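Note sheet for the following structure.
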C-alpha cells in the first residue's frame, strides 16, 4: 500500500515528460531530413555531373539589321577656284577679304602697274616704227620696179646692156624681200604690243566666278612672283549652300557603294547631329597610302543652314543592305573557336570544313554544348544575320569558354 502510493505520487521519476519527448523527436526528424537531402544531392550529382567548363553566352534573337560601311572624308565646296596672278609685282590694293561675297568680273586685287604701262608704251612705239619701215620698204620696191621697167625698154632699144637690166631686176627682188621683212616686223611688233597690253590688264585681278572668298593669302605691299607657277592670292567657293564630301573608302568595301545610295555622316563641330547626303559617284582613281588602297566616293550634301564649312572632317556611314526581321546572332559567338583543351573538356567535336558563307556557332543546352553550322548574311558589325541553320530565337550562343587548368603534381 505504501509503495503503490509512492509510485503514484512521483510518476516523472520513471517516465520522461511530454515536452522533452517532442524536442527529441524534432531533432531526430531534422537529422533525418539533412541526411536525406545530402543523399538526394549526391544521387543527383551522380546522375547529372556538373560541367567542368565555364561558359559566357549571348542570346540569339530577331530584329532589324542594317549592313553598314564606314569611312572618313573631307567637306568641300562643289566648285572651288584658286585665283592667282599671271604677272609678278607688288600688291597695290586688295578689294576682297575673308567671307567677302564677290561676283564674276569684280576686281579683287591690283598689282602696281607702272612697269607694265612703260612696257606697253615701248611696244606701241616699236609697232609704229615697224609700220614706218613697211612704208619705206614699199617705196623702195616701187622705185626698183620703175628702174626695171626703164631698163627693160632701154635693153629693147639697145640703149642699155644686159648687165644693167639684170642689176635692175635683182634690185627689185631685194626691195620686195625687204618689204616682206618689214611686214613681218609689223606683225611681230603688233604681237609684242598685245602681250604688253595683256600683261597690263593682268595687273587687275578679277574674280572668275560668283562666290565667297574663303581664303586670302596676300597683303597690300607684298610682292608676288609669277615665275614657274601662278601664286594663289584668293580661294573662292562658288556656292556654300551645296557641298560635297570626298570620302576614302577601302578597296574591300568599295564594291558595296553605288551612286544614288543614301548616307549619313557626322562632323566634330556637331557631334550629336547627323547630316544626310547622296552618293554622286565612285571615282576609279585609286589612292595608296601606307599600302592601303582607297577610292573616292563623292557625296552631295545640302548645306542650306550653312553649318558645314570647307575642310571639316566627316565620319560617313553607308547603309548598303537592311533586314526588317532577321535572325540575329552576336558576332562574339561567331568569333568563338575553342582551343583543343577546352574542346575536349566541352566533350564536343570540331565542326566540318566550312564554306565562305558558313560559320560554326556553339550553343549551350543546359550544361551540354553543341556546334551548329549556319549560313550567314549581312552584318552591322555587332550582330550577323543567320540565313539558315539550327539556331532559333532564345538560344544561348557561347561567346567564351574556359576549362580549369589541371594542377601539376610535384615529383
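A few points about this structure:
- The set of residues in region 302-323 that are surrounded by 14 or more Cβ atoms within 10 Å (Cβ to Cβ) and out of contact with any helix residue (DSSP H, G or I) (no Cβ under 9 Å at 6 or more places or on another chain) comprises 303, 308, 309, 310, 312, 313, 314, 315, 316, 317, 319, 323.
- Sole residue being at pLDDT 85 or above, touching a helix residue (DSSP H, G or I) at 6+ places or on another chain (Cβ under 7 Å) and either surrounded by 15 or more Cβ atoms within 10 Å (Cβ to Cβ) or part of a loop (DSSP other than H, G, I, E, B) (or both), chosen from 160, 130: 130
- Any hit, region 343-364, residues being modelled with pLDDT under 90 and within 29 Å of the chain's Cα centre (by Cα): yes
- Just one of (1) at pLDDT below 90; (2) in a strand (DSSP E or B) fails for residue 234. It is (1).
Every residue, every condition in (1) over 16 Å from residue 60 (Cα atoms); (2) in a strand (DSSP E or B), yes or no:
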site: 314; (1), (2): yes, yes
site: 320; (1), (2): yes, yes
site: 338; (1), (2): yes, no
site: 343; (1), (2): yes, no
site: 351; (1), (2): yes, no
site: 381; (1), (2): no, no
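- When residue 273 is tested against (1) touching a residue at least 40 places away in the same chain (Cβ under 8 Å); (2) part of a strand (DSSP E or B); (3) surrounded by fewer than 17 Cβ atoms within 10 Å (Cβ to Cβ), exactly one condition is not met: (1).
- Residue match in region 182-204 (condition: surrounded by 16 or more Cβ atoms within 10 Å (Cβ to Cβ), under 37 Å from the mean Cα position of the chain (by Cα) and outside any helix (DSSP H, G or I)): no
- Residue that is more than 30 Å from residue 213 (Cα to Cα), part of a strand (DSSP E or B) and under 58 Å from the mean Cα position of the chain (by Cα), where the choices are 108, 81, 58: 58
Here is a yes/no grid of residues against (1) touching a strand residue (DSSP E or B) at 6+ places or on another chain (Cβ under 7 Å); (2) surrounded by 13 or more Cβ atoms within 10 Å (Cβ to Cβ):
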| site | (1), (2) |
| --- | --- |
| 335 | no, no |
| 339 | no, no |
| 343 | no, yes |
| 354 | yes, no |
| 373 | yes, yes |
| 376 | yes, yes |
| 383 | yes, yes |
| 395 | yes, yes |
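- Of 287, 241, 223, 227, all but one fail to be over 14 Å from the mean Cα position of the chain (by Cα), in contact (Cβ under 8 Å) with a residue 12 or more places away in the chain, outside the structural domain of residue 87 (by TED's automatic domain parsing) and farther than 17 Å from residue 317 by Cα; the exception is 241.
- Residue under evaluation residue 259, criteria (1) closer than 20 Å to residue 77 by Cβ; (2) assigned to a loop (DSSP other than H, G, I, E, B); (3) free of Cβ contacts under 8 Å to residues at least 60 places away in the same chain, criterion not met: (1)
The values are calculated or read from the model by the stated rules, or taken from the named source; none is laboratory data. These figures come from a predicted structure and were not determined experimentally. Neighbour counts run over all protein chains shown; Cβ positions are idealised from the backbone, glycine included.
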